[in-house]
Amino acid sequence: MNESIRAMLAQEAAEAEARAEAEERGEATPMPGHRGRRRAHDPSQVYAVRIPVSRLRELRNVADKLGTPPSALIRTWVLERLDQLAANSLEDAAEVQVRGQVVNLGRRRQRGGAGRVASGSERERQRA
């Protein structure tokens with residue numbers, strides 16, 4: 001590669017990097033056709049979730065009826081449930097039923113720690 005081409009490419013790379021940094025700081029707007037480079041206010045992370053194959057069709061049907069992708073529907077449901085649990089944990093009764101099991105989200109009980117799933121007999125002893 002010729003030195004003038006190498007110098008031109010290095011200059012363009014430096015200018016592009018400087019522009020991207022200016023966009024991040026809010027000092028420049030993205031070029032037409034470009035989204036720009038902004039850091040997420042609340043970054044997210046991919047988390048794999050296993051869903052029984054027998055329920056996937058049902059999930060896709062509900063998502064189609066709501067006009068949203070199944071992954072967005074799952075994310076919405078999980079975040080709504082976490083918000084509900086957070087609101088409930090502020091109250092005195094900080095136990096939540098998850099698939100028939102009572103999960104203690106609040107104060108530590110006599111046996112076991114917070115967040116531990118109690119069996120039916122343990123729940124009866126805890127209530128006594």
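When Lys and Arg each count +1 and Asp and Glu each count -1, what net charge do the other residues less than 12 Å away from Glu58, Cβ to Cβ, add up to?
That sum, taken over residues with Cβ under 12 Å, equals +3.
How big is the equivalent ellipsoid of the range 44-90 along its three axes, where each semi-axis is √(5λ) from the Cα gyration tensor, reported in whole Å from largest to smallest?
22, 13, 11
Need the full-extension length gain, Asp42 to Ala86, defined as separation in residues times 0.36 nm minus the C-alpha distance. One decimal, nm.
Here the answer is 14.0 nm.
So if I take the alpha carbon set of the range 1-73, get Rg, then get Rh from the Kirkwood formula, what is the Rg over Rh ratio?
Ratio of gyration radius to Kirkwood radius for the range 1-73: 1.29.
A short reminder: the numbers here are calculations on the coordinates, not readings from a lab. Remember, it's a predicted structure, so these values are computed and weren't measured experimentally. Note that each Cβ is placed from the backbone with ideal geometry, even for glycine, and that neighbours are counted across all protein chains shown.
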